[in-house]
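Here is the structure we will look at.
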Amino acid sequence: MMYPLKRNRRLRTSEAIRSLVRETVITPNDFIVPLFVVEGKSIKEEIPSMPNYYRMSLDLLSKEAKELWAMGLKSVLLFVKVPDNLKDNSGTEALNPEGLMQRAIKTIKDAVPEMYVMTDVALDPYSSYGHDGVVGNGQIVNDDTNALLAEMSLSHARAGADMVAPSDMMDGRIFEIRTLLEDEGFHNTGILSYSAKYASAFYGPFRDALDSAPADIKDVPKDKKTYQMDFANRDEAVKETLMDIEEGADIVMVKPGLCYLDIVRDIRDAVDVPVAVYQVSGEYAMLKAAAAKGWLDHDAVMLEQVTAIKRAGAHMMASYFAKDVVKLLS
Ligand code: PBG
């Protein structure tokens, strides 16, 4: 049918009709809130490259969890900043039952028992080399790393984590983690796999937050390109993701967000599990910086971005904007 019988602008004439035909609506249920945890007491330190985002000690983490729950934000993704003296090549501290991550999980569960607690699983915050896996002969050793990631996941499950989120991109780690969790009776512990994670320069501010950037050491790779994906590739993301689902992932994830929305749609069309997106630290930093200069309208661009991520096919997103968005909506 043709103009003037069809005029598409009729459905845009007022906010009332626009909201009636709107295809994508953002709610607090769309968000997973990343949280950065540090040792100490009463510590809330702003991350310089992530304005208005903080590292928190356990006492304040518990307050934060209550505040998030009251806002309708019901799931968190935990990251820890590990002191240098506890770092080594195999991330030994990651398996400490009294480690910071394990205590952080318990702290949140004590504060808000219903909060859904997800944990980052990768060696980089614990690694003296800043790599997600064990370094040997100038390489990141895949299978040795998998065994550690499985033990790490089990340790998080024992501490009370609801879901583990391996962010390392080793081959076969989902299978190793799933097998160990099943063997140990953790049948309901979920796995959110960072299944299509790209080697991206957008992770810079996050590595500042955790002091986890790959170290500049002789004979050690200075970047993560031998395990994280090449950002030029699209078909490979679907292959990676289908393999992780076969190995036992409950939710799959694309990371970063905005530059990768083609990948999000490909994966959404190809899989039968929920799809998550990680809107990463660099994406957050860019908008904060442009808004601080008065060059962009922070709230409007933020809402446009998270809506675009959901429209592309994300069922949920990990985003540093979660609280800002919920405040804006309410
Ligand atoms: C580490 C990890 C990274 C992020 C989440 N988990 C950084 C990296 O891979 O170097 C990035 C998150 C962000 O930038 O917000 N395994």
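Kindly evaluate Val117 against the criterion of being open to solvent by less than 10 Å² (accessible area, probe 1.4 Å), of a type in the set (Val, Ile, Thr) and away from the ligand (no atom under 15 Å from the Cβ). So Val117 fits the description; yes. The residue that is farthest from the ligand (Cβ to nearest atom), counting only those in region 256-307 that are touching a Gly at 6+ places or on another chain (Cβ under 9 Å) and among the charged types (D, E, K, R), is Asp269.
Considering every residue within region 160-167, establish whether at least one is under 26 Å from Leu100 (Cα atoms), part of a loop (DSSP other than H, G, I, E, B) and open to solvent by 20 Å² or more (accessible area, probe 1.4 Å). Looking through region 160-167, at least one residue is under 26 Å from Leu100 (Cα atoms), part of a loop (DSSP other than H, G, I, E, B) and open to solvent by 20 Å² or more (accessible area, probe 1.4 Å).
Out of the residues in region 181-205 that are surrounded by fewer than 18 Cβ atoms within 10 Å (Cβ to Cβ) and away from the ligand (no atom under 15 Å from the Cβ), which is nearest to Leu258 (Cα to Cα)? Among those residues, the one meeting the criterion is Asn188. Note on region 274-308: residues that are within 15 Å of Ala196 (Cα to Cα) and either touching a Ser or Thr at 6+ places or on another chain (Cβ under 7 Å) or buried (at least 19 other Cβ atoms within 10 Å of the Cβ) (or both) total 6. So which of Phe202, Phe186 is aromatic (Phe, Trp, Tyr), more than 18 Å from Leu242 (Cβ to Cβ) and not in a helix (DSSP H, G or I)? Only one candidate qualifies: Phe186.
Filtering region 1-50 to residues that are among the polar types (S, T, N, Q) and assigned to a loop (DSSP other than H, G, I, E, B) leaves Thr13, Ser14, Thr24, Thr27, Ser42, Ser49.
Would you confirm whether or not region 215-226 contains a residue that is small (Gly, Ala, Ser) and either away from the ligand (no atom under 16 Å from the Cβ) or loosely packed, with under 14 Cβ neighbours inside 10 Å (or both)? Looking for residues that are small (Gly, Ala, Ser) and either away from the ligand (no atom under 16 Å from the Cβ) or loosely packed, with under 14 Cβ neighbours inside 10 Å (or both), one finds none in region 215-226, hence no.
The values are calculated or read from the model by the stated rules, or taken from the named source; none is laboratory data. Note that the structure is predicted; figures quoted are calculated from it, not measured. With ideal geometry, Cβ positions are generated from the backbone for all residues, glycine too; neighbour counts draw on all protein chains shown. SASA here: full protein model, heavy atoms, side chains in, ligands and nucleic acids out. Shrake-Rupley method; radii C 1.70, N 1.55, O 1.52, S 1.80 Å.
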